[in-house]
Amino acid sequence: METMAKPWPALWTLVIGFFMILVDSTIVSVATPAIQKGLDADINAVVWVTSAYLLAYAVPLLITGRLGDRFGPKYIYLAGLVIFTLASLWCGFAGDITTLIIARVVQGLGAALMTPQTMAVITRIFPATSRGQAMALWGAVAGIATLVGPILGGVLVDGLGWEWIFFVNVPIGVIAFVLAVKFVPVLKTHEHKFDILGVFLSAIALFCIVFGIQEGETYNWGTITGIISVWGLIIFGIVMLGVFIVWQVFNRGEPLLPLKVFRDRNFSLANIAITVMGFVITGMTLPFMLYAQDVRGLTPTEAALMLVPMAVFTGGLSPVVGRLVDRVHPRLLTLFGFVALSAALFWQASLMTPNVELWQLLFPLGLLGVANAFIWSPLSTTATRNLNPQLAGAGSGVYNTTRQVGAVIGSAAIAALMQSRLTAELPVAAGSGGAGAGEGGPLPDALKAGFATAMSQAMLLPAIVALLGAVAVIFFAKPAARTWGPTAGTPVAADTAASAAAPASATEAAPVAVPATASASVSAPGSVSVSAAATASSATAAQSAPTHSGAHAAGTHAAGAHAAPAPTGHTAPPTTAS
C-alpha cells in the first residue's frame, strides 16, 4: 500500500477526468432528437449511439482494472484519457450515423480504461483514516456530474448544436491530461493473468441479451433474419452467460469474476441492490425527457433544468449521509433510500399528464435526489467493507460491473416498453413514419394525452424495479468494524506485503451517477414512433459508483481498487448478523 503525504491534488486531478466521463454518460439524453435530425438517421440507428457506448464501456471493466495493476494505473489512465478525448473529437466531426456509432464505441473503450484506474489510485494513496473523506468528495462529484450532464447538454444543443456535447470534452481532456502527468503518482505494478475467454463470453452474452430486448419491438418479437429470432437471440445470450459462469468456476488461473466474493452476505445483497439501481437510473430519465419536450413543449435546456432539484438534494445530502455510514445500520439508510426512490417515481408517473402544473413535478424530482443520496454511499460502503482484504479490490470491480450491467439491461428494457406502450396508446400513429415531432417541436394536441399516458406507464417500470432493491437491503447484516488497512501518518512508501500479494483489480462505471442517455423520435401529426436507449454510469455513469476497498465510499464510482493484505496478526472481521 502506497500512501502520499499530500494526496489531495491527485484526487482533484482524477475528479476532473471522472467528471468528464460521467457527464458524457448523461449529456446525450437531451440531444438525441437533434442528432437524428442532423445526421438524417432512422431511430433504430440512433438507439445504437448510446447502446454501443454502454456495451463498450461495461464489458472490459474487470480486465481494464487488472491492466492498471500490470502496467501502472497512471499510464493506463492517461492512455484511456487520450483515447476518450480523441474519440470525442471524432464524434463531433462524424458526418453520418455509422461513423458516430463507431466513434462512440471507441469513446466507451477509453472510458473503460480510465474508470478503474481512478479508484485504484485513490484507494492506494489515501490512508484508511482519510479515505472516507476522499470517497465522500468522490460521491458528491459523481452524483452532481451525472445530473449536470442533461442540463449542460440542453444548453449546448440549444446554443451551439449537438456536436458540442462531444467537442466540450476536448479542452477538459487536455487539462486533465496535463494535471494527471503532474500530480498523479506512479504506483507499483503487479503481475496478472488475463481471462480473455471470460471477456469474450461475457461480451457475447451481454450483446445478445441487450440486442434482443432493445430490438424486439422492431422485429415484432419474431424473426430477425433466417433462423435467428429475437427470443432465440435472448435465450442464446442467457445460455452464454451460464457458460461464462461455469468457466469462472473451473478457471484455475485468475478468473474474470471471482465467485468466492459472493460468500459474503452483504456483498451479495449489495450487488443485487446496485444492479437494481443501475436499471432504475438509466430507465427513469428518458420517459420524463420525452414527456417534458414533446408533450409540454419545453426546450432541451428547460427540460434539463427540471432536474435541478434532484441534483441539489443529492449533492447537498451526500456528505451528510457519508458521515452517517459508519454510525447507522446500512439497512436503515438504504431501505429509506429505495422506498423513497420507488415512491418518487410512482408519484412522478401519476403527475405526467398534459395539463399538470410544471412546479408540481419538482416535488417528486426533489424526493428522487434525497433517495439517491441515501442509496449510493451506504450501498457502496457496505458492499466490500467486510470482504477479506485480498478480495476487496476484485469485489469492488464485481460490484461496479454488476451496476453497469443493470444499466445496460435497463436501457434496453425501457426502450422496448416505451415502444410497446406507444403502440397501445397511439395504435394508428405509432407505425406510420414521418418526421419526428421530437425533432421539430411538441406533439399536436390530439396526440398529447396518449403520449403522456405511454410515458407515465413506462415510468412505472423503474418504480416497480426499485422495490426489488428495498427487498434486498432489508436482509443486510450489521457490518463489523474493520481492523485492517493503513493508518494515518503512514509514510510515502510501498507496502511490501501489498507488493507481494498482488490482489485483483476493480472497476466501475457510471452513476446516479449513470443516469440515462436516450434516443427518441416522435412522429408528426398522425404518426408517432419512439425507440430509446438510456445509458449511465457511472455511474456512468453512472450512474458510476465506486465501492470502497479498505474504508467507506460514497456515491457511484468506478472502482479499480487495489487492496492491501491484512497486517500480520489481523484478519478482516466477518459480517455479523443483526
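Kirkwood hydrodynamic radius, computed over distinct alpha-carbon pairs, for the range 264-333: how many Å, to one decimal? Spell out each step's value before the answer.
Values: mean 1/r = 0.0676 Å⁻¹.
For the range 264-333, the Kirkwood estimate is 14.8 Å.
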Provide the gained length on full extension for the span Val239 to Trp8, in nm with one decimal, where the gain is 0.36 nm per separating residue minus the Cα-Cα distance. 78.6 nm
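Determine one quarter of the surface area of the Cα convex hull of the range 186-337, which equals its mean projected area, and express it in nm² to one decimal. Spell out each step's value before the answer.
Working: hull surface 61.3 nm².
Projected area, direction-averaged: 15.3 nm².
Over 30 Å between Cα atoms, which of Lys188/Lys260; Lys6/Lys478; Lys182/Lys478; Lys182/Lys260 qualify? List each step's numbers first, then the result.
Details: Lys188/Lys260 26 Å; Lys6/Lys478 33 Å; Lys182/Lys478 42 Å; Lys182/Lys260 38 Å.
Violating the 30 Å Cα-Cα cut-off are Lys6/Lys478; Lys182/Lys478; Lys182/Lys260.
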Using only the alpha-carbon atoms of the range 56-114, report the extent along each of the three principal axes, biggest first, to the nearest angstrom. 38, 20, 9
How much accessible surface area, in Å² rounded to 10, belongs to the heavy atoms of Leu305 with a 1.4 Å probe? 80
Length released on extending from Leu460 to Asp158, taking residue separation times 0.36 nm less the Cα-Cα span: 105.7 nm
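On average over all directions, what projected area in square nanometres does the range 302-348 have, based on the convex hull of its Cα atoms?
Numbers: hull surface 14.7 nm².
About 3.7 nm², averaged over all directions.
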Solvent-accessible area of Glu217 with every protein chain in place, 1.4 Å probe, in Å² to the nearest 10: 50
Quick one: Karplus J couplings for the range 253-267, per residue in order, coefficients 6.51, -1.76, 1.60, θ = phi - 60°, nearest Hz, x for Gly and Pro? x, 10, x, 5, 10, x, 5, 5, 5, 7, 5, 7, 4, 5, 4
Residues whose modelled amide H sits under 5 Å from the amide H of Ser229, counting only those 5 or more places away in sequence or on another chain, are Ile224
Other residues with Cβ under 12 Å from the Cβ of Asn266 give, with Lys and Arg +1 and Asp and Glu -1, a net charge of +4
Per residue and in Å³, how big is the convex hull formed by the alpha-carbon atoms of the range 1-111? 99
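Can you give the Rg/Rh ratio of the range 165-213, where Rg is from the C-alpha atoms and Rh is the Kirkwood radius?
Reported Rg/Rh (Cα atoms, Kirkwood Rh): 1.22.
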Val471 paired with Val308, simple spin-label distance in nm, labels 7 Å along Cα-to-beta-carbon: 3.9
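Give me the extension gain from Ser350 to Val249: residue separation times 0.36 nm, minus the current Cα-Cα distance, reported in nm with one decimal.
Values: separation 101, 0.36 × 101 = 36.36 nm, distance 4.59 nm.
That pair, Ser350 and Val249, stretches by 31.8 nm at full extension.
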For the pair Ser268/Thr223, report the inter-label distance in nm, with labels modelled 7 Å from Cα in the Cβ direction. 4.4
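Per the Kirkwood treatment, what hydrodynamic radius in Å, one decimal, follows for the range 313-423 from the mean inverse distance over all distinct Cα pairs?
Values: mean 1/r = 0.0618 Å⁻¹.
Over the range 313-423, the inverse of the mean reciprocal pair distance is 16.2 Å.
The values are calculated or read from the model by the stated rules, or taken from the named source; none is laboratory data. Keep in mind that this is a model prediction, so the values were computed, not measured. We place every Cβ from the backbone using ideal geometry, glycine too, and count neighbours over all the protein chains shown. Side chains included, ligands, DNA and RNA excluded: accessible areas come from the protein's heavy atoms. Shrake-Rupley method; radii C 1.70, N 1.55, O 1.52, S 1.80 Å.
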